[in-house]
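A.B. asks: Sharing a structure with you now.
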């Protein structure tokens, strides 16, 4: 669903400029190595 490999599907900025990332997965799927690196 995401546009660029490894990036979360949705990125939001909250109060104070905090970044929130939402990664959507089907049941039983896991994150790719690129997604794991982005989440770290």
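Rule-based calculations on the coordinates, nothing more; no lab input. Just so it is clear, the model here is predicted, and its values are computed rather than measured. Methodologically, a virtual Cβ is constructed for each residue, glycine included, from the backbone with ideal geometry; neighbour enumeration extends over all protein chains shown.
A.B. asks: Checking the conditions here, which among 11, 24 is in a loop (DSSP other than H, G, I, E, B) and surrounded by 10 or more Cβ atoms within 10 Å (Cβ to Cβ)?
C.D. replies: Being in a loop (DSSP other than H, G, I, E, B) and surrounded by 10 or more Cβ atoms within 10 Å (Cβ to Cβ) holds for just one of 11, 24, which is 24.
A.B. asks: Can you pull out the residues in the stretch 27-40 that are loosely packed, with under 10 Cβ neighbours inside 10 Å and on the phi < 0 side of the Ramachandran plot?
C.D. replies: Once the filter is applied, which keeps residues that are loosely packed, with under 10 Cβ neighbours inside 10 Å and on the phi < 0 side of the Ramachandran plot, the stretch 27-40 yields 27, 29, 30, 33, 40.
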